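Here's the structure, in structure tokens; my notes come after.
The values are calculated or read from the model by the stated rules, or taken from the named source; none is laboratory data. Note that the structure is a prediction, hence the values are computed from the model and not measured. Ideal geometry is used to build each Cβ from the backbone, glycine not excepted, and the neighbour counts take in all protein chains shown. What goes into the accessible areas is simple: the full protein's heavy atoms, side chains included, and nothing from ligands, DNA or RNA. Shrake-Rupley method; radii C 1.70, N 1.55, O 1.52, S 1.80 Å.
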Amino acid sequence: MIHVQNLTFQYTGSHHLTINIPSLNIEKGDQVLLRGASGCGKTTLLGLIAGILTPTSGKLQVLGRNMSELSTAQRDSLRGNHIGYIFQMLNLVPYLNVEQNIALSCHMGQKRMQRVGKDNLTKKIEKLANNLGLLSLLKQEVTRLSVGQQQRVAVARALLGNPELIIADEPTSALDTGNRESFLKLLFEQCETAGATLLFVSHDDSLQSLFRRNLALSQLNLAHSTFAEE
Amino acid sequence: MIFRLFLVIKSLWNRRFSTLLTISSLSISVALLIGVERVRQGARESFSGTISKTDLIVGGRGGSMQLLLYTVFRIGNATNNISFDTYKTIKNNSQVEWTIPYSLGDSHRSFRVVGTDENFYEHYRFRGDQILELHEGKAAQELFDVTLGSDVAVKLEYKLGQKITLTHGAVESPSAFAHKDKPFTIVGILKKTNTPIDKSVYITLQGMEAIHIGWQNGAPPQEDTGTTTQNLRKEDVKVDQITSFLVRAKSRIQVLNLQRSISNYEQEPLTAIIPGVAMSELWSTVEYAEIGLKVVSFFVIVVGLIGMLISLYTALEARRREMAILRSVGAGVPTIAMLLVAEAFVLSVTGCIFGVGIAYAALLLARPLVEAQIGVLLPLAALSSLEWIYLAGLIASALLLGLLPSWRAVKNSLADGLTLRM
Ligand SMILES: Nc1ncnc2c1ncn2[C@@H]1O[C@H](COP(=O)(O)OP(=O)(O)OP(=O)(O)O)[C@@H](O)[C@H]1O
Ligand SMILES: [Mg+2]
């Protein structure tokens, strides 16, 4: 699913590498927790995987595609069609209601829409919303949702149209412990039903026990350790 | 595609206050542009429609502009008259279809007095093919009959049957000589034409001649000539001179020929002008006002567009999060750019639609007022091709300007990547 070999990345204008990962492999169906302190490059790595950022050097393969070889438009469509992305918070477009926010991913990714089927869209959204406990909120303004509800809407949007890879960038950091665990349980469940691979990022070490596979970015990312040693 | 338009509209609606302000500023600009265009068009049309179907205006020796001004617009005075014999000779020319004689020089309470004959009521045309019609009464026929232009009747509140006296000379002054001994009876009132016709009173050529019996070189008679209203008959008055006359040629091809032969008339020096040519010459002297109006409305449009640019720009900061979300679900740089340009499109098109609506509503309301006040008939026709071009130009400029914030949004979203900034 994701294969990394000697991947480096440096922000333009920056004086040092932000990412320098000799090797990292994530297989299909994995549910991986990627841990790391704040500033160690977690969001940057996700940006590379999602195709927002381009590697400076090395090999990054996502869903069998070599990201360095893809054009910007191809990377955008790869993301739109095959990757579901969940932000830390404020995942939702404020002027769309819950249902429209969920549908956003299908409207932007053509293949996702095809997989769902235009006529089935409402039904699919209702099913997902039901699974995530959002059914009664579909017509609700997103500004009137609790943070937990907002994050569940983001999960529904990420899952709609069965993307192969779900990327979550600290989606639970704004939730309390109880909510965090039930949110994760839901996320695992839904990823399993959809057969999606999950790459979950957090700086919260207490989540370790909940994941089958754990990775520490501080060990993987040489750029961070050299930087930290300075 | 439809969903993207939906996004654009939703996003604009989300900022509806600033959207509304932008649209209203744009639509006021558009309304002003169209309004100015209509006023310009109306003014030009009513100006050039003052006289029509007349091929030549003939007067004594003098400037052609002067001839046009006193004959058509009743401004200024003639320096030289024409003898009635000359008039009759030209009237009977085989190439001439009709003529309308004018004898000018007197006034009634600042309104010009025009001596003319039945040809005036029969042949005079304005605004294409419109004829003079009587609002009430009949055309002046008897020696001391007077028919009023519509404005005169309204302004002075005259009724049929009333008697009025005429004043010698075109301006009212205490020293001016009033033809008190020969009062005229109002026999008719013309319908409104919205041309200078409305601002004159009309008597017969003989009537004009009669009030000046005994006059020598423009001075009133020294002793009583013994002629009074009672013992004068129309048949007895011999018309000696007129001021100018209008000519309709039998065929348009002959007009230039006719003009040449009149100008070269041997018995008397004459001036013959083609009204269309002289009118456009006259109009060109006020063209700078037209250009001024256009420049002003152009700048109003520019201000409206800048307003739109500001509102799109200031919204961008608050929309960085929205852009990052759209990027995360696969929107590429072209999509982000397109959304912003589409906002400019929606704003400018809505502005145009409302602007045109406002313009027509205002025209509809202002039309009777403007017509009554300044005699300009504002055209209510569908949008002209020039106006369509203006609107298209406005929308095109809006799209071009929309590229600026969209370029900025793309830069922002590339810098932000998947980081949510608040
Ligand atoms: N757009 C950018 N341009 C330049 N440097 C950046 C940019 N974004 C992040 N960085 C730098 O790259 C490093 C890694 O940032 P990143 O956002 O990936 O950290 P993170 O691990 O996600 O942190 P957090 O847990 O706080 O979200 C930081 O030192 C940061 O300052
Ligand atoms: Mg981060």
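Once a ≥ b ≥ c are taken as the square roots of the eigenvalues of the Cα gyration tensor of the stretch B:62-193, is the result rounded (a/c under 1.5), prolate (a/b larger than b/c) or oblate (a/b not larger than b/c)?
Oblate.
Could you compute the FRET efficiency for residue A:218 and residue A:144, with r as their C-beta to C-beta distance and R0 at 41 Å, rounded to 0.05?
0.55
Only loop residues by DSSP count here, and only those with at most 14 other Cβ atoms within 10 Å; note down the trypsin sites (Lys or Arg not before Pro) in the stretch A:21-98 that meet that. It would help to have the intermediate numbers written out before the result.
Working: sites: A:28, A:35, A:42, A:59, A:65, A:75, A:79; in loops: A:28.
Sparse-neighbourhood loop trypsin sites (Lys or Arg not before Pro): A:28.
Over the whole of B:320-326, what's the average partner chain Cβ count within 10 Å per residue? Rounded to a whole number, please.
That works out to 5 on average.
Please list the non-local residues whose amide H lies under 5 Å from the amide H of residue B:97, H modeled 1.01 Å from N, same-chain partners needing a gap of 5 or more.
B:248, B:249, B:250
Rounded to the nearest 100 Å², what's the accessible area chains A and B bury against each other, both chains counted, probe 1.4 Å?
Working: alone 10970 and 21450 Å², together 30030 Å².
It comes to approximately 2400 Å² buried between A and B.
According to the square roots a ≥ b ≥ c of the eigenvalues of the Cα gyration tensor, what is the shape class of chain B, taking rounded for a/c under 1.5, prolate for a/b larger than b/c otherwise, and oblate for the remainder?
In terms of gyration-tensor shape, prolate.
Using the alpha-carbon atoms, what tilt in degrees (0 to 90, nearest 10) does helix B:2-14 show relative to the longest principal axis of chain B?
Helix B:2-14 sits at roughly 80 degrees to that axis.
For A:203, B:108, B:135, write out the residues from largest to smallest accessible area, computed with a 1.4 angstrom probe and no ligands counted.
Result, largest first: B:135, A:203, B:108.
Can you give me the % of accessible surface on chain A that is carbon or sulfur? Probe 1.4 Å, all protein chains present, nothing else counted.
Result for chain A: 47 percent of the exposed heavy-atom area is carbon or sulfur.
When you look at the Cβ of every residue in A:85-98, what mean number of other chain Cβ atoms sits within 10 Å?
Values: counts 7, 1, 7, 3, 3, 7, 5, 3, 11, 8, 10, 7, 1, 0.
Counting other chains' Cβ atoms within 10 Å and averaging over A:85-98 gives 5.
Pop out the ³J(HN,Hα) list for the stretch B:104-121 in order, Karplus 6.51 cos²θ - 1.76 cosθ + 1.60 with θ = phi - 60°, rounded to Hz; leave Gly and Pro as x.
10, x, 9, 8, 9, 6, 6, 8, 5, 9, 10, x, 8, 9, 4, 4, 4, 6
Could you report chain A's accessible area per residue, 1.4 Å probe, as an integer in Å²?
Working: 9780 Å² over 230 residues.
Accessible surface, normalised per residue, equals 43 Å².
At 1.4 Å probe size, what's the solvent-accessible area of residue A:105? Round to the nearest 10 Å².
Around 0 Å² of this residue is reachable by solvent.
Between helix B:16-48 and chain B, what is the angle of the helix's C-alpha long axis to the longest principal axis, kept within 0 to 90° and rounded to the nearest 10?
With both axes taken from Cα atoms, the answer is about 20 degrees.
With charges set only on the Cβ (+1 for Lys and Arg, -1 for Asp and Glu), what does the dipole of chain A come to about its Cα centre, in debye to the nearest 20? Mind showing how you got there, number by number?
Working: 22 positive and 19 negative charges, 153 e Å.
The calculation lands at about 740 debye.
For a test of the definition: using alpha carbon positions, the gyration tensor, and the 1.5 limit on a/c, classify the stretch A:104-172 as rounded, prolate or oblate.
Oblate, since a/c reaches 1.5 and b/c is not below a/b.
Given a 1.4 angstrom probe, what's the average accessible area per residue across chain B, in square angstrom?
Numbers: 20240 Å² over 422 residues.
Here the residues of chain B average 48 Å² of exposed surface.
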